[in-house]
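Colleague: Please find one structure pasted underneath; my questions will follow.
The values are calculated or read from the model by the stated rules, or taken from the named source; none is laboratory data. In this text, all values refer to a predicted model and were calculated from it rather than measured experimentally. Backbone-built Cβ (ideal geometry, glycine too); neighbour counts: all protein chains shown. With ligands, DNA and RNA removed, areas are computed over all heavy atoms of the protein, side chains included. Shrake-Rupley method; radii C 1.70, N 1.55, O 1.52, S 1.80 Å.
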Amino acid sequence: MEIKDIKAVYLVGAGGIGMSAIARYFLSKKLVVAGYDKTPSNLTHELEKEGMLIHYEENVDLIPEACKDSKNTLVVYTPAIPAEHKELVYFRKNGFTIEKRAQVLGTLTRTHKGLCVAGTHGKTSTSTMCAHIMHQSHLDCNAFLGGISKNYGTNYILSDKSDFVVIEADEFDRSFHWLRPWMSVITSTDPDHLDIYGTKEAYLESFRHYTELIQPGGALIIHKDLEMKQHVQDGVKIYEYSQDEGDFHAENIKIENGGITFDFISPIKNVTGIELGQPVPINITNGVAAMAMAQLNGCTADELRNGMKTYGGVDRRFDFKIKNDKLVFLSDYAHHPKEIYQSAKSIRELYKNRKITAIFQPHLYTRTRDFYKDFANSLSLLDEVILCDIYPAREQPIPGVTSKLIYDNLKPGVEKSMIHKENVLGLVKSRDFDVLVVLGAGDLDNYVPEITKILESK
């Protein structure tokens with residue numbers, strides 16, 4: 001189905017971060033947009049205010065009439081929805097065009113210049129940073145992001161004049177194979193989603209295939225330390241980047257007085273005096289990648305400087321809630337061992353002589369089973385670790401796989417404890433903290449506003 005033929009869009013799993021951006025795109029085109037989600041949330045309430053029709057019961061009778069014409073209704077679903085979902089079954093039986101979220105994004109990369117960011121971790125921050133640089137430049141852009149940008153209060157940016165679309169390229173379920181990028185950054189390829197891929201080799205092969213999809217005339221901007229082979233088409237330029245070396249990198253890095261500045265080194269044109277609006281050490285590397293893609297597409301030196309200086313970050317990505325001399329409290333979506341390592345390392349660099357405590361909720365039984373030793377090693381960079389039960393998301397429990405696997409492998413000297421999620425608020429009330437971080441991609445983040453209130457009241 002061509003985008004011009006669509007009159008109504010129905011989303012199964014409407015409240016997900018990525019799905020809601022699709023909803024907003026079609027709402028902006030003045031189409032009927034409706035859908036189902038299992039649970040009401042702030043995001044679904046916002047979508048309803050913007051004109052989307054959402055219900056929370058798996059019930060075919062609740063599908064609006066405007067979405068029951070198979071000739072002009074596009075059905076979009078997220079891979080997290082089970083195949084036997086009653087509404088999906090109805091759409092299948094009645095001959096509707098049914099696409100994954102990634103297929104819809106793939107269609108957009110055929111009609112726009114897709115600037116895509118892939119990687120096990122770092123892709124949300126890097127793509128949001130790139131989108132902000134582009135949007136505030138003379139080029140502008142559309143964007144579909146994997147997190148809520150603090151600059152815009154949304155995960156979606158719309159432009160009626162720009163041919164560029166910035167997309168977070170998700171490797172889960174090989175979704176990014178639907179894309180046809182004009183340019184792409186690859187930030188990292190540390191094995192993940194082994195419940196889908198089975199082996200590390202299959203995971204890396206998936207990224208190699210993704211590099212084949214970049215359009216001739218475009219470019220691949222790849223972190224120089226990755227354990228993967230790329231295979232681009234003729235006419236695709238390859239650039240390497242990292243914090244300290246590569247075609248694009250940073251020099252003269254200064255981390256002081258809560259701020260970070262550096263010079264951006266580029267084969268096109270060096271840009272001095274870059275200042276991070278969200279001064280977190282890992283954002284030096286993310287910023288190098290974001291600026292590389294923006295500069296390759298025509299952003300000026302002043303636009304790069306201004307974009308980086310005014311970048312406000314992403315909700316749940318190194319998200320400071322309290323920051324003063326007595327107490328620091330932040331929330332971070334990190335849920336892969338390498339992400340947690342980078343997060344812990346950045347916190348340690350910023351707060352060298354302070355006690356750092358993490359409350360961590362592991363995400364998925366399979367990820368915990370596959371990487372519990374790596375989780376323990378990364379968390380051992382911190383002074384104290386409080387472990388919650390595993391957040392199951394789409395999975396059923398696996399016998400013997402609990403948070404205790406991580407607990408038992410934490411290094412000697414790390415203070416450690418285990419707690420049920422429901423008891424976290426009571427713990428926070430009863431304790432004093434120096435630097436506290438809530439880590440994970442599950443639902444522990446729902447407690448963050450209340451934790452913030454408790455800590456502020458102290």
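Colleague: Can you work out which of the residues in the range 160-172 that are at pLDDT 90 or above and part of a loop (DSSP other than H, G, I, E, B) is surrounded by the fewest Cβ atoms within 10 Å (Cβ to Cβ)?
Modeller: Ranking the qualifying residues of the range 160-172, first place goes to Asp163.
Colleague: Pick from the range 203-236 the residues that are more than 20 Å from the chain's Cα centre (by Cα) and either open to solvent by less than 30 Å² (accessible area, probe 1.4 Å) or at positive phi (or both): which of them is modelled with the lowest pLDDT?
Modeller: Out of the qualifying residues, it is Met228.
Colleague: Name the single residue, out of those in the range 351-377 being touching a strand residue (DSSP E or B) at 6+ places or on another chain (Cβ under 8 Å), open to solvent by 10 Å² or more (accessible area, probe 1.4 Å) and within 20 Å of Asp434 (Cα to Cα), that is modelled with the lowest pLDDT.
Modeller: Tyr351
Colleague: What are the pairs with Cβ atoms under 6 angstrom where one residue, in the range 245-256, is among the acidic types (Asp, Glu) and the other, located anywhere, is open to solvent by less than 60 Å² (accessible area, probe 1.4 Å)? Sequence gap at least six, or different chains.
Modeller: Asp247/Tyr239; Glu251/Asp263; Glu251/Ile265
Colleague: Now a separate question. Evaluate the range 315-327: report whether one residue or more is at negative phi, buried (at least 21 other Cβ atoms within 10 Å of the Cβ) and of a type in the set (A, V, I, L, M).
Modeller: Checking the range 315-327: not a single residue is at negative phi, buried (at least 21 other Cβ atoms within 10 Å of the Cβ) and of a type in the set (A, V, I, L, M).
Colleague: Out of Lys321, Lys345, I need the residue that is under 24 Å from Ser417 (Cβ atoms), assigned to a helix (DSSP H, G or I) and touching a helix residue (DSSP H, G or I) at 6+ places or on another chain (Cβ under 9 Å). Which one?
Modeller: So the residue among Lys321, Lys345 that is under 24 Å from Ser417 (Cβ atoms), assigned to a helix (DSSP H, G or I) and touching a helix residue (DSSP H, G or I) at 6+ places or on another chain (Cβ under 9 Å) is Lys345.
Colleague: Okay, next question. Restricting to the range 391-406, name every residue that is in a loop (DSSP other than H, G, I, E, B), in contact (Cβ under 8 Å) with a residue 40 or more places away in the chain and open to solvent by 10 Å² or more (accessible area, probe 1.4 Å).
Modeller: Ala393, Arg394, Glu395
Colleague: Return yes when Lys416 is surrounded by fewer than 20 Cβ atoms within 10 Å (Cβ to Cβ), among the charged types (D, E, K, R), at pLDDT 90 or above and outside any loop (DSSP other than H, G, I, E, B) and no when it is not.
Modeller: So Lys416 fits the description; yes.
Colleague: Being in contact with a strand residue (DSSP E or B) (Cβ under 9 Å, 6 or more places away or on another chain), touching a residue at least 60 places away in the same chain (Cβ under 8 Å) and not in a strand (DSSP E or B) is the filter here; which residues of the range 6-26 pass it?
Modeller: Ile6, Lys7, Gly13, Ile17, Gly18, Met19, Ser20, Ala21, Ile22, Arg24, Tyr25
Colleague: Right, next: Can you name every residue in the range 239-270 that is under 20 Å from His223 (Cβ atoms), open to solvent by less than 70 Å² (accessible area, probe 1.4 Å) and β-branched (Val, Ile, Thr)?
Modeller: Ile253, Ile260, Ile265
Colleague: Same structure, new question: Here are some residues: Lys86, Lys113, Lys71, Lys93. Which one is open to solvent by 50 Å² or more (accessible area, probe 1.4 Å) and touching a helix residue (DSSP H, G or I) at 6+ places or on another chain (Cβ under 7 Å)?
Modeller: Lys86
Every residue, every condition in (1) surrounded by 18 or more Cβ atoms within 10 Å (Cβ to Cβ); (2) touching a residue at least 24 places away in the same chain (Cβ under 8 Å); (3) on the phi > 0 side of the Ramachandran plot; (4) of a type in the set (Gly, Ala, Ser), yes or no:
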| position | (1), (2), (3), (4) |
| --- | --- |
| Tyr36 | yes, yes, no, no |
| Glu50 | no, yes, no, no |
| Arg101 | yes, yes, no, no |
| Gly106 | yes, yes, no, yes |
| Ile133 | yes, yes, no, no |
| His138 | no, yes, no, no |
